[in-house]
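The values are calculated or read from the model by the stated rules, or taken from the named source; none is laboratory data. On a predicted model such as this, the values are computed, not experimentally measured, just so you know. For neighbour counting, all protein chains shown are included, and Cβ atoms are generated from backbone atoms with ideal geometry for every residue, glycine included. Surface areas here come from the heavy atoms of the whole protein model, side chains and all, with no ligands, DNA or RNA. Shrake-Rupley method; radii C 1.70, N 1.55, O 1.52, S 1.80 Å.
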Amino acid sequence: MPRGVSRGVAALLLSCTLLLTTAACNDDTKSTGAAATPSASASFEQQKLAKTRFVANAGLAAGATYQWIVKPYRAGKFKNGADGRTFALVKAGLAGAFTYNRLKAAVNNAKGDPLLSKAVAPLSAGIESLKDLGTKLRKGEVGDADVGAFENIINSVKDAGKSAGAEVVDQVPSTSQLSGG
């Protein structure tokens, strides 16, 4: 089935499902004033997805950091006069912003799992400290301490995930993912 047709069919099915579920809603029911409590299976699914999302976001952050910040820095790509320096710095800047964004998302995902949220909570200040490093990388004002900060935070997030049963594996994002496309 061509990609456009399959997307159309999926959109149509989703629209019909939404229409039927909202049509099935009835305003004749009386509200007791008490909030609905989620079932045990819904809570389990939320926790399972929280770990999965955490692993995906943290893995993308780790992959971007290693591929476009740590590796080029160690290869000397950020030094004045290095071949491809400007391109390497731009990519590193994008990777820095991407990493910060994915780490923030991972921390939010961790909130859905009690054990994971306790493991990741102490790392929030360290993640916040990465906020402006993407700009610093893009401008070429990066040093050993800056690259080390990225590496340390990523390793801390990986360790926290591992201690909570959510092992993080590096996933290198595509260039289009880095640029937000």
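Structure data summary
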item: Local electrostatic count at Lys158 - Lys and Arg +1, Asp and Glu -1, tallied over other residues with Cβ under 10 Å; result: -2
item: Rg in Å to one decimal, and Dmax rounded to a whole Å, for the stretch 103-167 via C-alpha atoms; result: 12.9, 40
item: Extension gain, Ser176 back to Asp132 (0.36 nm per residue minus Cα-Cα distance, nm); result: 13.7 nm
item: Mean accessible surface per residue for the stretch 81-138, computed with a 1.4 Å probe while every protein chain stays in place, in Å²; result: 49 Å²
item: Entries in Lys136/Lys162; Lys104/Lys139; Lys131/Lys158; Lys91/Lys111 that, when Cα-Cα distance is taken, lie over 28 Å; result: Lys136/Lys162; Lys91/Lys111
